[in-house]
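Below: one structure, written as structure tokens.
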Amino acid sequence: FIGARSLVRDEAVRDDRRHLVGLVPVDGTSVLVEGAQLVAAGADLTALPVPMAGHVTSAYDSAALGTPFALALLDGGRHRLGEELDAVDAMTPVRVTVVEPVPYDPEGERRDG
């Protein structure tokens with residue numbers, strides 16, 4: 001298929017490349033902002049430069065999950081499920097947990113009946 005070659009290139013198979021992941025706020029209520037930068041939990045935001053691990057690509061309020069939810073690109077994201085990070089926008093951190101990019105109905109049971 002078109003694009004098959006791209007799936008086996010060195011850059012595409014690196015473990016530390018950015019992967020699509022889901023994020024949910026630890027407190028279950030904080031709003032996540034599109035474009036927020038992901039940093040280590042509790043990172044000193046005044047010590048520049050702050051090492052960035054990724055960024056929020058889209059954010060939603062999920063009625064199905066009962067909490068806000070975001071998608072993000074995160075360095076080595078598939079290997080960081082369950083890890084807590086801070087999503088920082090305008091120097092305001094929101095503690096988040098890294099989850100699968102499809103946290104609701106991952107088996108497709110509701111979708112497929």
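The values are calculated or read from the model by the stated rules, or taken from the named source; none is laboratory data. Just so you know, these numbers come straight off a predicted model, no measurement behind them. Quick reminder, even Gly has a Cβ in these numbers, built from the backbone with ideal geometry, and neighbours come from all protein chains shown.
Table for the structure above
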quantity	calculated
Filtered residue count, region 28-39, keeping only those that are in a strand (DSSP E or B) and of a type in the set (Val, Ile, Thr)	1
Count - residues of region 16-27 that are part of a loop (DSSP other than H, G, I, E, B) and modelled with pLDDT under 95	2
Subset of region 58-94 [within 25 Å of GLY108 (Cβ to Cβ), surrounded by fewer than 16 Cβ atoms within 10 Å (Cβ to Cβ) and either under 17 Å from the mean Cα position of the chain (by Cα) or of a type in the set (S, T, N, Q) (or both)]	SER58, TYR60, ASP61, SER62, LEU65, ARG78, HIS79, LEU81, GLY82
